[in-house]
Amino acid sequence: MSKSAGGFEIDLPRSLKAERRGDIAILFLARPQKRNAIDDTTVLGIEAFFAALPDAIKAVVLAGEGDHFCAGLDLAELTSRDIAEGIAHSRSWHRAFERVEFGKAPVIAVLHGAVVGGGLEIAAACHLRVAEASAYYALPEGSRGIFVGGGGAVRLPRLIGTARMTDMMLTGRIYSAEEGQAIGISHYLVPAGGGLAKGIELAKQVAGNAPMTNFAVTHVLPRIAAADPAAGYLTEALISAIAQGDAEAKARLKAFLEKRAAKTVRS
Ligand code: 1HE
């Protein structure tokens, strides 16, 4: 454990490193000798980090140290679990990744090298994904005789469709960074080594939004998208009225009308 890691008043396991840059936090999966495979301690550390995120942090970047983002579940720990322990383990991933997806701040994943199994699952729990040209995606669970357990069965079909996920699991198909960009895994594709800078640039942009907008997009939009249309339209009306009633929205709209705000133009 490392106390107050990177300026955060929290104990983090050695497999995680945190850094603070103003109102941006960067969390590194930092177990490169095991290709950032996620063991139990790391899962608990991820949950604790996002649960204890200070209010002053407005966006988080999640990246991996070494040549790979994440090789998924630590397979060494898997062999000793019985069925009940397996369920509890999967639920512990669900709790941790729920903190990522529905936490205090939007999360931007920076992907490179292997983004496989549980690595792809945690990436799917993030709000934006930047991929470097070296990134590749796979679900080797199929060939290891297991199944996804970190929320991938819920989040990945939303991202790439059930049909593509079925293919990845049944055949072990690997998608390249370019293919991943084309099918919607990543939002941004950048050259090798450019991911962290792009992730931080996006985090700063996101951090500059009105807090109510970021809340609506990260907490309310996914619920509307999963709701039946009637409930979705009503929820949309409510959150849009809440957002526009906020003082921050009033100030931003006034700034535009007084020609003090940026226009929406192509750069
Ligand atoms: C690991 C893991 C791991 C590496 N668990 N120890 N994930 C997988 O099936 C992917 C498994 N990993 C790989 O295919 C390869 O390691 C990589 C392609 C990611 C990287 O290859 P390479 O040649 O750079 O490294 P390596 O020599 O394979 O691994 C270096 C060390 O990391 C080695 O340990 P060492 O003690 O011999 O040095 C590996 O054993 C170790 N290592 N990956 C444990 N995953 C909630 S359900 C989620 C289900 C899943 O995620 S299943 C998918 C698991």
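Summary table
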item	result
Cα shape, region 89-166, gyration tensor, a/c 1.5 rule	oblate
Modelled label reach - A197, point 7 Å along Cα→Cβ, region 121-135 residues with backbone N closer than 17 Å	130-134
Karplus-derived 3J(HN,Hα), 6.51/-1.76/1.60, for each residue of region 78-93, Hz, glycine and proline x	5, 5, 8, 8, 8, 5, 4, 5, x, 5, 4, 5, 4, 5, 5, 5
Label-point gap, in nm, between H219 and I146 - each point 7 angstrom along Cα→Cβ	3.3 nm
Under-5 Å amide H pairs with L16, H placed in peptide plane, nonlocal only	A30
Antiparallel DSSP beta bridges within the chain, percent to nearest 5	30 percent
Distance between modelled label sites at A84 and R260, nm, 7 Å Cα→Cβ extension	6.3 nm
Between region 183-217 and region 45-105, the alpha-carbon center distance in angstrom	20 Å
Shape of region 150-257, Cα gyration tensor, a/c cut at 1.5	oblate
For region 36-53, Karplus couplings with θ = phi - 60° (6.51, -1.76, 1.60), whole Hz, Gly/Pro x	6, 4, 8, 9, 4, 4, 5, 4, 5, x, 5, 4, 5, 4, 6, 5, 9, 4
Structure-based [θ]222 nm, the chain - -39500 (n - 2.57) summed over DSSP H runs of at least 4, per residue, nearest 500	-13500 deg cm²/dmol
Cα radius of gyration and Dmax for region 138-191 (Å)	11.3, 34
In order through region 99-111: 3J(HN,Hα) via Karplus (6.51 cos²θ - 1.76 cosθ + 1.60), integer Hz, x for Gly, Pro	5, 5, 6, 10, x, 7, 9, x, 10, 10, 8, 10, 10
Radius of gyration and Dmax over the Cα atoms of the chain, both given in Å	19.1, 65
Packing-based ranking, highest mean first, of 198-209, 169-180, 76-87 given that Cβ atoms within 10 Å are counted	198-209, 169-180, 76-87
Inter-label distance for T171 and D55, nm, one decimal - labels placed 7 Å from Cα along Cα-to-Cβ	5.2 nm
Cα-based shape type of region 161-209, given that a ≥ b ≥ c are square roots of the gyration tensor eigenvalues and the cut on a/c is 1.5	prolate
Cα convex hull of region 1-68 - mean projected area over all directions, nm²	4.1 nm²
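Rule-based calculations on the coordinates, nothing more; no lab input. Computed from a prediction, not measured in an experiment: that's the story for all the values here. Virtual Cβ from ideal backbone geometry, glycine too; neighbours counted across all protein chains shown.
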